[in-house]
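Working notes, structure below.
The values are calculated or read from the model by the stated rules, or taken from the named source; none is laboratory data. Just so we're clear, the structure is a prediction, and the values are computed from it rather than from any experiment. Glycine also receives a Cβ, built like all others from the backbone with ideal geometry; neighbour counts cover every protein chain displayed. Accessible surface areas use protein heavy atoms only, side chains included; no ligands, DNA or RNA. Shrake-Rupley method; radii C 1.70, N 1.55, O 1.52, S 1.80 Å.
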Amino acid sequence: MKTKTFFLCLLAFCLTALSGRASGLGDFRINARFLTDRMAFELHLSTDQYNDLYEINYDFLNNVGPYLSGIAIADSRALDAYYRYLDERNDDLRWVLSNAEYVRFMGIEYFFRPIYALNSVCYLRIYQVYPNRNYFYFGPPRHYLTYRGGHCRAHFGGASFYRRNYPIRYRHPVYTRPCHISPQLRPKDFARPKPGNRPPKDNHWTPAPRPGHQPVANGRPDYRPVQKPNNRPQARPEARPQRRPKNQPQRRPEAAPQRRPATRPQAKPNKGTTVKPGQSRSRQNQKKEADHDRKSLSKRL
C-alpha cells in the first residue's frame, strides 16, 4: 500500500513538473515572473499592473509551449500559432499599460518579441540583457503559485478579459494603433528551413554555363547572349602621329645670334689719319711711330 502511494505521488510530481515546463525554455512560471519583473522595473508599473502582467505572460508562455519544438526549426504551422498568441498577448497589454508605457514597451525588442531561435533551440531574449536569473527587483506576484490560466482568452470565447475589466481597474489612455507583429520580422526571430541538396529537375532545366563560354539561346524570342564589356586597356600605337602635314616644307631654324662680336672694336684713329677697314692694329701703331719720329726730327732741324 505504501509502495503504491509512493508511485502515485511520484507520478503526480512528474506530471506537475512536465506541465510547468516549456520545451527548450525551462519552467515557464519562473520565466513569466522574471520577464514581468524586468518589465515592471523598466516601465515603472504599479502593483495592479504587475499582477495582471504576470497573468498575461504566463498565458502566453503556456500557450506556445507545445509549439516550441516546431518553432525552433521554423515550421510554418508552429510559427503561425506562435505569432497568433503573441499578437493576443500584446493586445491584452494595451489594456494594462498606458499609452506612453505601451509605446516604450514596443520599442524594447526583448519585451515586444521575447522568444528567438538559434541552432534549432528556443531562448528568451530577456536573459541576454539580464543574465542573473536568481535576482528579482520585486517579490512574487500575488497569485504566483495559484494562477492556472483562468483569465486566458480560451475561457472567454476569444475575448480579452483585461479589456472587459479595464473600466473597473484603470483610467489611463489606451494605445489604439495596430500592434501586430509584421511578417518581415519573422526571419530575424527564427531561422528559415534549410533547402534540400538539389532542386527538382524539370524538363526545361539547363545547367548554368561555365565561365568563358557564351550562353546558348534557350528558345525565348528576341534572346541575345549577354556580352561582357572588354575592360582590358588598348595597346599603345607604334608610331606617334605627326602634327604637321608631310607636304609642307620644313624650315630650318635660323642660327642663334652671337652674344659676343667676332672681332674686338678697333681703337679710334688720330686726326689726319685714315684707317682702312681691313687694316690691322699693328700697322696703325707703326704709322704712329713713324709720324712721331718725323715730327721730332723736323724740330731738331
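Take the residues in region 100-118 that are open to solvent by 60 Å² or more (accessible area, probe 1.4 Å) and touching a residue at least 60 places away in the same chain (Cβ under 8 Å); name whichever of them is farthest from Cys179 (Cα to Cα). Let's see the steps before the verdict.
Step one: list which residues in region 100-118 are open to solvent by 60 Å² or more (accessible area, probe 1.4 Å), which gives 100, 103-104, 107, 109, 118.
Checking the rest, the ones that are also touching a residue at least 60 places away in the same chain (Cβ under 8 Å) come to 103-104, 118.
On the way: Val103: 10, Arg104: 13, Leu118: 25 Å.
Taking the candidates together, the pick is Leu118.
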Val96, sole failed condition from (1) in contact with a helix residue (DSSP H, G or I) (Cβ under 7 Å, 6 or more places away or on another chain); (2) of a type in the set (Val, Ile, Thr); (3) more than 24 Å from Arg177 (Cβ to Cβ); (4) not in a helix (DSSP H, G or I):
(3)
Of the conditions (1) among the polar types (S, T, N, Q); (2) open to solvent by 40 Å² or more (accessible area, probe 1.4 Å); (3) touching a residue at least 60 places away in the same chain (Cβ under 8 Å), Ser160 satisfies every one except a single condition; which number is it?
(2)
Scan (1) assigned to a helix (DSSP H, G or I); (2) out of contact with any Ser or Thr (no Cβ under 8 Å at 6 or more places or on another chain); (3) under 23 Å from Tyr166 (Cβ atoms) for the single condition Leu79 breaks and write down its number.
(3)
Against the definition (at pLDDT 90 or above, within 20 Å of Asp92 (Cβ to Cβ) and not hydrophobic (A, V, I, L, M, F, W, C)), how does Tyr137 come out, yes or no?
no
Could you go through region 56-75 and let me know if any residue there is part of a helix (DSSP H, G or I), in contact with an Asp or Glu (Cβ under 6 Å, 6 or more places away or on another chain), in contact (Cβ under 8 Å) with a residue 12 or more places away in the chain and surrounded by 16 or more Cβ atoms within 10 Å (Cβ to Cβ).
yes
Give me a count of the residues in region 163-196 that are within 29 Å of Val121 (Cα to Cα), open to solvent by less than 40 Å² (accessible area, probe 1.4 Å) and part of a loop (DSSP other than H, G, I, E, B).
3
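Could you count how many residues in region 130-157 are touching a residue at least 24 places away in the same chain (Cβ under 8 Å), of a type in the set (A, V, I, L, M, F, W, C) and within 16 Å of Arg33 (Cβ to Cβ)? Spell out the reasoning first.
At the first step, the residues of region 130-157 found to be touching a residue at least 24 places away in the same chain (Cβ under 8 Å) are 130, 133, 136-138, 140-144, 147, 149, 151-153.
Among the residues that remain, those that are also of a type in the set (A, V, I, L, M, F, W, C) are: 136, 138, 152.
The next check asks that each one be within 16 Å of Arg33 (Cβ to Cβ); those that pass are 136, 138.
Of the residues in region 130-157, 2 are touching a residue at least 24 places away in the same chain (Cβ under 8 Å), of a type in the set (A, V, I, L, M, F, W, C) and within 16 Å of Arg33 (Cβ to Cβ).
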